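See structure below.
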Amino acid sequence: MELIAPRHPREIREEIRRGKWTAPTAGLAPGYVQANLVILPEADAYDFLLFCQRNPRPCPLIEVTDPGSPEPAGVAPGADLRTDLPKYRVYRDGRLEAEVTEIAAYWRDDLVSFLLGCSFTFERALLDAGVPLRHIAEGKNVAMWRTSLACRPAGRFHGPMVVSMRPIPAPLVPRAVTVTARYPMAHGAPVHIGDPAAIGIRDVTRPEWGDPLPILPGEAPVFWACGVTPQAVALEAKPPLVITHSPGHMFITDLPDHALAVL
C-alpha cells in the first residue's frame, strides 16, 4: 500500500481512517511521536494507570482520555482513536477475539484510552546519528518477544515485559544506547544487549510479534522495552475487555519527537 506523501500526521491519520494504509507504521511520519494504544473499561482504568506508573520502561504514559471520549485532545486534537490506527486487536477474558481496522462497533461510553510512548519515536534520531535500522530499510515490522523480566503488578494487572529487538552493528551499540537514552518517554535506553537467552528468549529467529530479522555477522541484538507489554499482560491477567493497537500499527500523534527528548 502506498501512502500519498503527507506533510503532517493529520493527513496520515486521514489516509488510515479511509483504509488507505493498513501496514505497520515504522518509518512513517518521521519527526513525530508514535504511540501504543490500550483501551479499557473505566472500572479497570485506575489499576492500569497504576501499572503504568510502576512500569515506566515498557509503559511510558503520554495521554489518557476521558471516559467515553475517543479524542486524544492533548496529543492530537480532532483525532479519533476508533478509526485512526491501521489495525487493532480486541481481547476478551485473556483471549484474542479479533483483529480489525476500526473499533466503532466495540465502542462504549465507559471506555478509557491510554497512549503509551513507542520506540518508533526514537528511530529517526538513530538514523540521523548514523545507526542503520534494517527493519525500516527492508520494509519489515520490528520483532518482539515476551521475556522472563516480570513487570511490577498493580491490581489485576501482572505479567512479563515484552521487548523489541533491532540488530545494531557492534561498534555502533554505544551510540544507540546514548541516543535512545534521551527518550525515556519512548522506552529509553535498551533493557538488554547480547545473549537473548539471558532474558528468556529461546529463539531469536522466531519473534512472537512482528517479522524475523536475522542477526548478521558483526551485529549485536539490542533489546528495548516495548509497548506490546500490555497485550502480554492482557493474556495473563484476563480482564473482560482490552482493545489495543495491533503490534507495529501505532497511533501517530501531532507531537514532534523532540517533545519526548531530554537533553
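Taking the criterion of being surrounded by fewer than 19 Cβ atoms within 10 Å (Cβ to Cβ) and of a type outside the set (A, V, I, L, M), the residues of segment 193-213 that qualify are Gly194, Asp195, Gly200, Arg202, Asp203, Thr205, Arg206, Glu208, Asp211, Pro212.
Annotation note: of Arg18, Arg54, the sole residue that is of a type in the set (Lys, Arg), farther than 17 Å from Leu111 by Cα, in contact (Cβ under 8 Å) with a residue 60 or more places away in the chain and surrounded by fewer than 16 Cβ atoms within 10 Å (Cβ to Cβ) is Arg54. Filtering segment 223-250 to residues that are of a type in the set (D, E, K, R) and in a loop (DSSP other than H, G, I, E, B) leaves only Lys238. Of all residues in segment 179-196, exactly one satisfies the criterion of being touching a residue at least 40 places away in the same chain (Cβ under 8 Å), farther than 19 Å from Val228 by Cβ and among the β-branched types (Val, Ile, Thr), namely Val179. Apart from one condition, Ala150 fits all of (1) closer than 18 Å to Pro56 by Cα; (2) within 17 Å of the chain's Cα centre (by Cα); the exception is (2).
Remark: pairs (first residue in segment 150-166, in contact (Cβ under 8 Å) with a residue 40 or more places away in the chain; second residue basic (Lys, Arg) and crowded, with 20+ Cβ neighbours inside 10 Å; Cβ separation under 7 Å; 6+ apart in sequence or on different chains) = Pro160/Arg146; Val162/Arg146.
When Thr25 is tested against the conditions (1) modelled with pLDDT of 95 or more; (2) in a loop (DSSP other than H, G, I, E, B), the lone failure is (1). Screening segment 72-115 for residues that are in contact with a helix residue (DSSP H, G or I) (Cβ under 7 Å, 6 or more places away or on another chain), outside any loop (DSSP other than H, G, I, E, B) and of a type in the set (A, V, I, L, M, F, W, C) and picking the one that is nearest to Ala259 (Cα to Cα) gives Phe114.
Of everything in segment 141-184 that is in contact with a Gly (Cβ under 7 Å, 6 or more places away or on another chain) and part of a strand (DSSP E or B), the residue that is surrounded by the fewest Cβ atoms within 10 Å (Cβ to Cβ) is Ser148.
The values are calculated or read from the model by the stated rules, or taken from the named source; none is laboratory data. These figures come from a predicted structure and were not determined experimentally. Reconstructed Cβ throughout: ideal geometry from the backbone, glycine too, with neighbour counts over all protein chains shown.
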